[in-house]
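The values are calculated or read from the model by the stated rules, or taken from the named source; none is laboratory data. The model shown is predicted, which means the values in this text are computed figures rather than measured ones. No Cβ is skipped: glycine too gets one built from the backbone with ideal geometry, and neighbour counts run over all protein chains shown. Calculation scope for accessible area: heavy atoms of the full protein, side chains included, ligands and nucleic acids excluded. Shrake-Rupley method; radii C 1.70, N 1.55, O 1.52, S 1.80 Å.
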Amino acid sequence: MRGEHGRVQVSDPGARLRAAVLGHPIAHSRSPLLHATAYRALGVDIEYTAIDMLPGEVAGFAARLRTEPGWAGVSVTMPLKGALIEHLDELSARVLRLGALNTVVVQRLDGHVRLRGHNTDVDGIVRALSNLLPSRLDSGNSTQDTAPGSIHRAGILGSGNTALAALEACRSLGFTHVDLLVRDRQRAGTALALAHSLGLVGRAVEIGDAREQLPGYEALISTLPAHAADGLLSALGLDHEVRTPRTVLSPGAVLLDVAYDPWPSALARAWEFAGGTVVSGLAMLVHQGVEQVKLFSGVHDADWDHVTNVMCDAVGLPRP
């Protein structure tokens with residue numbers, strides 16, 4: 001439950017608050033460093049660790065969250081963003097809309113424990129890209145104010161759970177048309193249905209046909225795991241070993257590669273070589289992490305610009 005100043009109180013007053021990031025693989029995660037930096041800046045005592053976990057283990061872990069004292073919540077990454085949903089008591093409107101989460105908050109009230117799912121990936125993507133795409137932003141986080149007839153195109157590599165968050169982020173950023181670049185169009189049905197429900201014009205484009213589409217994108221969001229895009233560069237027309245006079249990117253086109261380890265990725269290097277602008281997935285991680293820190297700590301009245309800045313400092317990112 002919420003105590004004085006909105007901070008989370010646990011059922012056992014002697015238990016230290018704790019949180020963790022769950023996923024597989026997880027050893028590379030920078031979330032522990034980012035969260036520790038944020039809690040130190042806020043003066044909040046929360047221990048945050050990384051736990052390697054496969055989908056078959058989530059039911060047992062959900063039971064731990066309900067019975068072990070001290071849990072404030074967990075961050076959730078691949079491949080668990082869909083697996084935990086059925087084990088929760090309540091889902092935010094965004095999670096209900098997307099069918100994917102990246103955050104579970106443990107709520108305690110009058111001796112009862114409830115697990116609530118959230119998705120802060122959307123916030124992370126929007127804030128990572130917003131400074132580079134100012135002409136498409138509107139204050140309402142909606143495309144309703146977009147000039148009639150204007151078309152703004154983005155591409156999303158992949159159609160999994162992170163791609164679902166990327167679709168909602170594209171809508172908030174003012175994109176009107178989004179292509180899902182996939183190996184098999186048959187597997188993009190869920191993402192396409194979401195795109196249409198969000199008011200986006202969505203298409204599934206097989207990777208083999210992506211080369212012709214790339215010059216029309218103002219942004220590309222890669223939601224693939226580390227190295228998964230390495231073998232796609234030629235299909236995308238980004239194989240920098242082959243120099244051609246043809247322009248393969250729209251002027252000023254931006255890439256956000258959510259896979260930040262190793263960095264730069266092969267895709268990021270090729271995009272820069274082609275003259276595009278690259279945003280590290282660490283930027284997304286910082287901004288979505290700020291929202292998780294608010295949820296886990298219960299602190300909402302703080303200098304969040306300062307917290308964001310020190311989190312960026314911790315991982316070597318320029319301050320926004």
Those residues of region 27-43 which are more than 19 Å from residue 260 (Cβ to Cβ) and touching a strand residue (DSSP E or B) at 6+ places or on another chain (Cβ under 8 Å), in sequence order: 39
Of all residues in region 14-24, which are farther than 17 Å from residue 61 by Cβ and not basic (Lys, Arg)? 14, 15, 17
Among the residues of region 76-89, write down those that are polar (S, T, N, Q) and assigned to a strand (DSSP E or B). none
All positions within region 107-117 that are in contact (Cβ under 8 Å) with a residue 40 or more places away in the chain and either buried (at least 22 other Cβ atoms within 10 Å of the Cβ) or among the small types (Gly, Ala, Ser) (or both): 111
In this structure, is residue 56 open to solvent by 40 Å² or more (accessible area, probe 1.4 Å) and more than 26 Å from residue 172 (Cα to Cα)? yes
Which ones in region 32-48 are open to solvent by less than 20 Å² (accessible area, probe 1.4 Å) and closer than 13 Å to residue 290 by Cα? 34, 35, 37, 38, 39
Which one is most open to solvent (accessible area, probe 1.4 Å), of the residues in region 171-196 that are out of contact with any helix residue (DSSP H, G or I) (no Cβ under 8 Å at 6 or more places or on another chain) and part of a helix (DSSP H, G or I)? 187
Picking from 223, 308, the residue that is free of Cβ contacts under 8 Å to residues at least 60 places away in the same chain and either of a type in the set (S, T, N, Q) or touching a helix residue (DSSP H, G or I) at 6+ places or on another chain (Cβ under 8 Å) (or both) would be 308
Restricting attention to region 60-75, report how many residues are in contact with a Leu (Cβ under 9 Å, 6 or more places away or on another chain), open to solvent by less than 60 Å² (accessible area, probe 1.4 Å) and part of a helix (DSSP H, G or I). 3
Counting only residues that are among the β-branched types (Val, Ile, Thr) and not in a strand (DSSP E or B), region 199-210 contains a total of 1
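Rundown of residues vs (1) in contact (Cβ under 8 Å) with a residue 24 or more places away in the chain; (2) over 30 Å from residue 31 (Cα atoms); (3) of a type in the set (A, V, I, L, M, F, W, C), yes/no style:
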{"position": "184", "(1), (2), (3)": "no, yes, no"}
{"position": "212", "(1), (2), (3)": "no, yes, no"}
{"position": "233", "(1), (2), (3)": "yes, no, yes"}
{"position": "238", "(1), (2), (3)": "yes, yes, yes"}
{"position": "263", "(1), (2), (3)": "no, no, yes"}
Criterion violated by residue 149 - all others in (1) at pLDDT 95 or above; (2) out of contact with any Ser or Thr (no Cβ under 9 Å at 6 or more places or on another chain); (3) not polar (S, T, N, Q) satisfied: (1)
Helices (runs of 4 or more DSSP H) wholly inside region 211-316 containing at least 2 residues that are within 26 Å of residue 20 (Cα to Cα): 281-297, 304-314
